[in-house]
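J.: Pasting a structure below so you can have a look.
The values are calculated or read from the model by the stated rules, or taken from the named source; none is laboratory data. Note that the structure is a prediction, hence the values are computed from the model and not measured. Here the Cβ is made from the backbone with ideal geometry for all residues, glycine too, and neighbour counts use every protein chain on show. To get the accessible areas, we keep the full protein, side chains included, count just its heavy atoms, and leave off ligands, DNA and RNA. Shrake-Rupley method; radii C 1.70, N 1.55, O 1.52, S 1.80 Å.
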There are 2 protein chains.
Amino acid sequence: MLFQRAFKKPFFKNTLLSNYSKPYFFSTSQFKQLTSDDINYFSSFLAPNEIIQDSFELQAYNSDWLKKYIGNSKLALKPNSTEKISKILKYCSEQNIAVVPQGGNTGLVGGSTPVNDEVILSLKNLNKIIGFDEISGVLTCEAGCVLETLNQYLAEKSYEMPLDLGAKGSCAIGGNIATNAGGTHFVKFGPFKSYILGLEVVLPNGEILELESKILKDNTGLDLKQVFIGSEGILGVITKANIRVFPVDKYKQVLFMQCENFENVLEINKLVRGKLGRNLGAIEYQDAYAYATIQKYIQNAANPFPNNDMGKYYVLIEVCGTEALDDIVENLYTELSERKLVEDCIASESDAQFTSLWKIREEVAVAANHIGLVFKYDISLPVEKFEELCLIVRNKIGCLGYTMGYGHLGDGNMHINVGCYDLAKKKQVESILEPFVFEWLSHVNGSISAEHGVGRQKAKYLHFSKDVQAIEYMKSLKKVFDPKGIMNPYKVLPYSS
Amino acid sequence: MLFQRAFKKPFFKNTLLSNYSKPYFFSTSQFKQLTSDDINYFSSFLAPNEIIQDSFELQAYNSDWLKKYIGNSKLALKPNSTEKISKILKYCSEQNIAVVPQGGNTGLVGGSTPVNDEVILSLKNLNKIIGFDEISGVLTCEAGCVLETLNQYLAEKSYEMPLDLGAKGSCAIGGNIATNAGGTHFVKFGPFKSYILGLEVVLPNGEILELESKILKDNTGLDLKQVFIGSEGILGVITKANIRVFPVDKYKQVLFMQCENFENVLEINKLVRGKLGRNLGAIEYQDAYAYATIQKYIQNAANPFPNNDMGKYYVLIEVCGTEALDDIVENLYTELSERKLVEDCIASESDAQFTSLWKIREEVAVAANHIGLVFKYDISLPVEKFEELCLIVRNKIGCLGYTMGYGHLGDGNMHINVGCYDLAKKKQVESILEPFVFEWLSHVNGSISAEHGVGRQKAKYLHFSKDVQAIEYMKSLKKVFDPKGIMNPYKVLPYSS
């Protein structure tokens with residue numbers, strides 16, 4: 001309740017679309033269609049394997065991994081240098097050719113696939129690790145590096161990235177930065193944007209904007225790099241980054257616990273944050289529906305609580321530190337038991353158990369896909385509302401679907417997934433969920449996108465999280481860097497075609 | 001060396017001022033001089049005690065605390081509400097009256113005092129603590145709240161601000177945000193900007209830009225608030241903030257150590273960051289010259305090392321945590337001794353000793369002022385260069401002054417202070433130091449302003465830390481929010497008059 005009271009906002013930021021519908025893009029026909037002259041130009045400085053025109057090969061670039069957002073691009077370019085990217089964009093700008101930048105293409109909101117026939121600019125070949133400075137703890141790499149590759153490189157030096165997420169095996173660091181990726185260790189590290197010390201960005205006109213820096217503290221003028229972090233490719237292309245990384249915590253342990261009601265989950269959240277302080281690595285949540293989905297669809301999943309029924313709730317806590325954690329974990333467990341906050345609790349006693357317990361939480365998203373079509377919402381809301389929203393949605397959906405709530409308790413980011421049993425009823429389910437979920441979030445001052453971004457999916461719903469006026473200033477910033485609007489059109493900002 | 005190698009920059013970003021001298025402000029006469037009509041207008045909605053015209057009273061507003069930057073404003077306004085600020089700015093914008101926002105007026109770069117006769121907009125009366133949400137750990141307050149007042153308010157709830165600095169007793173939180181303040185706990189918390197979840201900003205045209213949020217994760221569109229954090233009042237006036245705060249660490253201890261050479265300081269820095277990890281609260285540095293200054297000028301200063309001579313170096317380490325630290329501190333001490341990294345080391349055994357040891361480091365800036373006129377540089381550079389720069393400067397200054405190096409070892413932020421013995425030789429000393437120090441920093445990819453900002457002092461030197469092109473885009477952003485250029489003119493961005 002406190003969360004709401006301090007604000008004096010209307011139920012929605014804006015109930016009328018007309019309030020913000022001043023068109024940003026005038027029409028899709030404003031962009032030029034590719035000609036053989038264009039291809040010839042790109043061929044003049046790109047190697048044959050940097051140009052993809054084969055329609056079969058293009059499918060992977062035209063589609064996101066959930067096969068939800070399918071574009072119709074006739075050309076993907078995979079340059080291996082910043083200079084080539086600069087030449088590509090300069091030309092596209094002059095010729096009015098729309099461009100969609102693409103990293104690992106692991107996004108869930110359609111931000112990295114074309115809407116129509118935009119040229120795909122893949123960063124996959126721009127993937128060199130440039131170096132690691134052990135004195136300052138700064139990693140420098142190109143945008144196409146895969147997150148897990150960077151972590152493997154750092155592990156040899158006993159360092160780790162301040163970011164961890166499900167897609168780590170294929171997501172590109174440039175995309176992580178361009179979407180200000182969140183993930184499971186947000187409670188431990190805070191926002192990823194804090195660790196981006198410097199960037200190299202290619203602007204739509206081909207200018208290479210040099211914002212590189214390995215300096216932790218630098219207050220010299222407006223912080224331009226922050227404008228690009230989380231901009232989802234609508235302002236320019238991130239090509240290189242300097243990232244602050246951290247020594248690996250030597251000791252890590254997971255506690256996985258079952259609770260008999262949601263109030264206890266909230267109490268645990270409050271207790272743990274005060275009690276563990278800087279030893280808290282993660283605090284995650286899932287309801288009984290999510291737990292059951294794991295048990296049903298994930299082979300060999302650990303099942304520490306075979307007594308799961310639909311009234312139970314689960315919390316995962318990762319404790320981490322530079323010294324042995326036995327006392328900390330024991331003290332925590334004692335207090336949880338004495339205050340009767342948990343019905344049962346299991347603690348990892350090996351790396352294998354650590355990984356296995358984490359999987360019960362991490363693989364919910366994958367398990368949910370087995371149900372069939374899944375509506376996924378990545379939202380921020382007051383933690384005390386997590387269960388309430390799930391109850392409302394489950395109630396509204398009735399026998400049309402299966403609703404699971406899970407996510408990052410420590411930072412108020414829930415993923416609510418609704419598995420749709422019958423594909424033929426997809427539209428009916430969608431109309432129940434949207435815009436209802438977004439409206440409801442606006443009512444509790446939540447966010448319609450916690451960590452996945454806006455992309456194509458939520459551009460038209462942006463007004464549920466941001467004021468009209470703020471959206472207008474976003475458009476003004478877009479005009480500063482991309483006056484012709486060629487960069488990742490139809491994404492993030494509301495537009496009319 | 002690694003620090004340098006990864007970059008391919010020229011010695012200076014730009015050696016020729018003409019490269020960037022496209023004037024931003026055309027002339028000081030572009031602004032209107034105040035008339036009695038203006039005063040009458042302000043009086044129509046401000047209370048008498050919100051309008052200061054008395055020349056004696058105005059002195060405190062026209063001058064910074066080092067009495068280095070003295071303006072000539074005839075009017076200071078101290079509104080107690082956002083709405084009043086909106087009316088003031090709207091009017092000033094319409095009438096073309098220049099405005100300088102002022103928080104605690106504790107800055108060191110002349111950012112919060114008028115250059116000419118700008119109207120001073122003091123935030124002192126906008127100082128309500130709006131509330132603290134214990135579930136999300138978010139503090140909401142107005143911009144004029146003093147940092148220490150906020151910390152006292154939070155201490156009752158066992159929370160603390162993720163920011164600590166010398167001026168805490170008088171600096172305003174709005175100024176801290178507008179300058180992205182750094183301080184002594186940067187190693188523990190990281191950049192202050194990470195904790196600003198939401199802002200209310202009044203734009204020069206009077207619009208109230210509502211960017212408030214208590215959400216930890218919110219990826220909905222371009223992050224406008226980041227543009228205002230660290231903008232030093234040149235884009236608008238921050239009036240309210242939502243700040244993420246943290247549970248107080250129950251255990252804190254200081255180790256203060258003497259080293260026989262600078263290489264050992266670097267080794268300690270490396271060792272401690274890996275070994276203490278998340279238990280590292282601060283790691284600070286001072287040379288023998290700084291240590292001697294404390295002993296000479298600060299009454300009752302602790303003096304754990306009376307054998308100080310000019311070849312010694314000092315390191316302060318704050319260890320913090322949620323559990324008792326005895327083992328951690330003992331392990332650390334054992335390793336420091338066994339590796340012969342320290343000559344001597346003392347650890348605090350009480351709160352009084354904790355404070356007393358911290359004072360040896362924290363009060364250098366105050367002690368240095370006793371020498372006379374002091375040239376103060378707040379710079380970022382590779383830590384391995386700390387000593388080198390001090391040696392060069394000390395050598396160049398010779399018997400004209402006394403050079404001290406001290407600062408934040410953990411984040412590469414050194415404060416180099418040069419006390420000038422003879423006021424008559426001020427110009428000579430200045431010409432030795434400037435632009436030499438800035439040029440040298442550009443050479444090592446350092447920053448001419450680590451945490452104090454650019455303000456009036458360093459606007460003309462900005463090109464030593466930022467590319468021309470980046471500066472041009474900063475100007476473009478300025479034009480988006482302040483097209484008439486009335487907000488804090490002559491600051492941050494280079495201009496010609």
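J.: Kindly check whether there is at least one residue in segment B:474-491 that is more than 7 Å from chain A (Cβ to nearest Cβ), under 29 Å from B:His415 (Cα atoms) and of a type in the set (Ser, Thr, Tyr).
T.: Checked segment B:474-491: at least one residue is more than 7 Å from chain A (Cβ to nearest Cβ), under 29 Å from B:His415 (Cα atoms) and of a type in the set (Ser, Thr, Tyr).
J.: May I pose another question? Out of A:Tyr314, A:Tyr333, which single residue is open to solvent by 30 Å² or more (accessible area, probe 1.4 Å) and either at pLDDT below 90 or not acidic (Asp, Glu) (or both)?
T.: Going through A:Tyr314, A:Tyr333 in turn, the sole match is A:Tyr333.
J.: Hey, among the residues in segment A:455-470 that are at the interface with another protein chain (Cβ under 7 Å from one of its Cβ atoms) and within 21 Å of the chain's Cα centre (by Cα), which one's surrounded by the fewest Cβ atoms within 10 Å (Cβ to Cβ)?
T.: Here the answer is A:Leu462.
J.: Would you be able to tell me the number of residues in segment A:405-422 that are of a type in the set (D, E, K, R) and either in a helix (DSSP H, G or I) or open to solvent by less than 10 Å² (accessible area, probe 1.4 Å) (or both)?
T.: Adding up the residues that qualify gives 1.
J.: Please identify the pairs in which a residue from segment B:173-184 that is at positive phi has its Cβ atom under 8 Å from the Cβ atom of a residue that is buried (at least 24 other Cβ atoms within 10 Å of the Cβ) and of a type in the set (Gly, Ala, Ser), counting only partners at least 6 apart or on another chain.
T.: As it stands, the answer is B:Asn180/B:Gly230; B:Asn180/B:Gly453, since those pairs meet every condition given.
J.: Go through (1) of a type outside the set (S, T, N, Q); (2) open to solvent by 20 Å² or more (accessible area, probe 1.4 Å); (3) modelled with pLDDT under 95 and name the single condition B:Tyr402 misses.
T.: (3)
J.: If B:Asn308 passes every condition in (1) surrounded by fewer than 20 Cβ atoms within 10 Å (Cβ to Cβ); (2) of a type outside the set (Asp, Glu); (3) not in a loop (DSSP other than H, G, I, E, B) but one, which one does it miss?
T.: Of the numbered conditions (1) surrounded by fewer than 20 Cβ atoms within 10 Å (Cβ to Cβ); (2) of a type outside the set (Asp, Glu); (3) not in a loop (DSSP other than H, G, I, E, B), the odd one out for B:Asn308 is (3).
J.: Among (1) modelled with pLDDT under 95; (2) open to solvent by less than 30 Å² (accessible area, probe 1.4 Å); (3) more than 8 Å from every other protein chain (Cβ to nearest Cβ), there is one condition A:Asp249 misses while meeting the rest; what is its number?
T.: Checking A:Asp249 against (1) modelled with pLDDT under 95; (2) open to solvent by less than 30 Å² (accessible area, probe 1.4 Å); (3) more than 8 Å from every other protein chain (Cβ to nearest Cβ), the one that fails is (3).
J.: Could you tell me whether A:His452 is open to solvent by 10 Å² or more (accessible area, probe 1.4 Å) and under 22 Å from the mean Cα position of the chain (by Cα)?
T.: yes
J.: Let me ask something else about it. For residues in segment A:364-383 being farther than 27 Å from B:Ile135 by Cα and of a type in the set (A, V, I, L, M, F, W, C), which is surrounded by the fewest Cβ atoms within 10 Å (Cβ to Cβ)?
T.: Ranking the candidates gives A:Val366 first.
J.: Which one of these is under 30 Å from A:Pro382 (Cα atoms) and either assigned to a loop (DSSP other than H, G, I, E, B) or basic (Lys, Arg) (or both): B:Leu108, B:Leu126?
T.: B:Leu126
J.: Taking the conditions exactly as written (of a type outside the set (A, V, I, L, M), in contact (Cβ under 8 Å) with a residue 60 or more places away in the chain and not assigned by TED's automatic domain parsing to the domain that holds A:Lys296), does A:Glu343 satisfy them or not?
T.: Judged against the criteria, A:Glu343 is not a match.
J.: A further question on this structure: Which residues, taken from segment A:129-154, are touching a residue at least 12 places away in the same chain (Cβ under 8 Å), open to solvent by less than 60 Å² (accessible area, probe 1.4 Å) and within 14 Å of chain B (Cβ to nearest Cβ)?
T.: Of everything in segment A:129-154, those that are touching a residue at least 12 places away in the same chain (Cβ under 8 Å), open to solvent by less than 60 Å² (accessible area, probe 1.4 Å) and within 14 Å of chain B (Cβ to nearest Cβ) turn out to be A:Ile129, A:Phe132, A:Asp133, A:Ser136, A:Gly137, A:Val138, A:Leu139, A:Thr140, A:Cys141, A:Glu142, A:Leu154.
J.: For A:Gly405, state whether it is in contact with a Phe, Trp or Tyr (Cβ under 8 Å, 6 or more places away or on another chain) and either of a type in the set (Gly, Ala, Ser) or not assigned by TED's automatic domain parsing to the domain that holds A:Leu423 (or both).
T.: When the stated conditions are applied, A:Gly405 passes them.
J.: Looking only at segment B:206-235, count every residue that is farther than 18 Å from A:Lys475 by Cα and either in contact with an Asp or Glu (Cβ under 9 Å, 6 or more places away or on another chain) or at the interface with chain A (Cβ under 8 Å from one of its Cβ atoms) (or both) and tell me the total.
T.: 12
J.: For A:Val100, state whether it is closer than 19 Å to A:His452 by Cβ, touching a residue at least 40 places away in the same chain (Cβ under 8 Å), assigned to a loop (DSSP other than H, G, I, E, B) and open to solvent by less than 50 Å² (accessible area, probe 1.4 Å).
T.: No, not satisfied.
J.: Out of (1) within 30 Å of A:Pro494 (Cβ to Cβ); (2) within 19 Å of the chain's Cα centre (by Cα), the odd one out for A:Leu209 is which?
T.: Here A:Leu209 meets the rest and fails (2).
J.: Please work out if B:Glu439 is closer than 21 Å to A:Gly221 by Cβ and not assigned by TED's automatic domain parsing to the domain that holds B:Asp287.
T.: Yes; evaluated as a whole, the condition is true for this residue.
J.: Which residue pairs have Cβ atoms under 6 Å apart, sit 6 or more places apart or on different chains, and have a first residue in segment B:302-322 that is more than 14 Å from every other protein chain (Cβ to nearest Cβ) and a second that is of a type in the set (Val, Ile, Thr) and open to solvent by 30 Å² or more (accessible area, probe 1.4 Å)?
T.: Once the first residue is more than 14 Å from every other protein chain (Cβ to nearest Cβ) and sits in segment B:302-322, its partners that are of a type in the set (Val, Ile, Thr) and open to solvent by 30 Å² or more (accessible area, probe 1.4 Å) give B:Pro304/B:Ile346.
J.: So which residues in segment B:111-122 are open to solvent by less than 10 Å² (accessible area, probe 1.4 Å) and assigned to a loop (DSSP other than H, G, I, E, B), if there are any at all?
T.: Answer for segment B:111-122, where residues must be open to solvent by less than 10 Å² (accessible area, probe 1.4 Å) and assigned to a loop (DSSP other than H, G, I, E, B): B:Thr113, B:Pro114, B:Glu118.
J.: When the residues of segment B:63-85 are filtered to those that are open to solvent by 20 Å² or more (accessible area, probe 1.4 Å) and part of a helix (DSSP H, G or I), which remaining residue is farthest from B:Asn116 (Cα to Cα)?
T.: Applying the filter and picking the extreme gives B:Glu83.
J.: Confirm whether B:Ala167 is in contact (Cβ under 8 Å) with a residue 24 or more places away in the chain, away from every other protein chain (no Cβ under 12 Å) and buried (at least 20 other Cβ atoms within 10 Å of the Cβ).
T.: Yes.
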